[in-house]
Ligand code: AMP
């Protein structure tokens with residue numbers, strides 16, 4: 001394994017503002033939060049007090065970990081802004097939110113989620129595709145939820161709309177432990193593009 005030199009200090013989690021229909025999604029979100037705290041890794045997320053978002057954050061806080069939430073003013077009410085975080089950053093727009101979440105994270109984890117989660121995943125993936133960053137992106141699957149996404153990504157490559165090397169831009173993990181194995185094996189990021197290019 002080619003471990004990284006630099007410690008992972010903060011990870012961004014993208015996930016649902018709903019809890020989904022299968023309680024295993026909640027269990028996974030909590031397990032991830034507990035593990036982040038145990039590893040002394042700060043959670044960066046969208047500051048929501050609802051859905052899987054709050055499950056991850058509450059698990060980190062319950063285990064005495066650190067949570068940074070980033071939320072636009074206009075969403076603070078709709079997403080029931082979590083008011084117990086270590087740090088909350090209020091921004092003016094969704095783009096600022098994404099930018100700050102990106103800047104503060106050493107890597108990205110995608111839990112089950114909806115359209116917003118998909119948007120966040122594809123944006124971070126395509127930023128990586130065009131060389132704006134090389135931070136790891138890991139989809140943490142649960143109960144097969146993300147298998148259609150995996151099939152779609154395979155289809156995009158097999159039908160010639162992305163090179164085979166696109167598969168190297170992301171990883172799938174089936175458990176929290178596998179997730180951290182992947183993150184630890186990922187090369188240390190070396191790109192730091194000027195933010196005006198985003
Ligand atoms: P969802 O997966 O739809 O439940 O949304 C999860 C999170 O993604 C929520 O905090 C949403 O506010 C956020 N979100 C939704 N659309 C966007 C977007 N276009 N850019 C950034 N975040 C978004």
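The values are calculated or read from the model by the stated rules, or taken from the named source; none is laboratory data. A quick note: this is a predicted structure, and the numbers were derived from the prediction, not measured. Virtual Cβ from ideal backbone geometry, glycine too; neighbours counted across all protein chains shown.
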Yes or no: the range 30-40 includes at least one residue that is more than 21 Å from residue 102 (Cβ to Cβ), within 16 Å of the ligand (Cβ to nearest atom) and in contact with a strand residue (DSSP E or B) (Cβ under 9 Å, 6 or more places away or on another chain). no
Looking at the range 112-136, I want the residues that are more than 24 Å from residue 52 (Cα to Cα) and in contact (Cβ under 8 Å) with a residue 12 or more places away in the chain and have a partner that is within 9 Å of the ligand (Cβ to nearest atom) and not in a loop (DSSP other than H, G, I, E, B) with Cβ atoms under 6 Å, at least 6 apart or on another chain. Which pairs are those? none
I need the full set of residues from the range 150-176 which are in contact (Cβ under 8 Å) with a residue 24 or more places away in the chain and part of a helix (DSSP H, G or I), in order please. 166, 169, 176
Contact list please: Cβ distance under 8 Å, first residue in the range 8-37 and within 17 Å of residue 173 (Cα to Cα) and in contact (Cβ under 8 Å) with a residue 40 or more places away in the chain, second residue part of a strand (DSSP E or B) and more than 16 Å from the ligand (Cβ to nearest atom), pairs at least six apart or on different chains. 11/42
Given the condition under 21 Å from residue 44 (Cβ atoms), more than 14 Å from the ligand (Cβ to nearest atom) and at pLDDT 95 or above, answer yes or no: does some residue in the range 115-126 qualify? no
Candidates 154, 92, filtered to the one that is within 14 Å of the ligand (Cβ to nearest atom) and surrounded by fewer than 14 Cβ atoms within 10 Å (Cβ to Cβ): 92
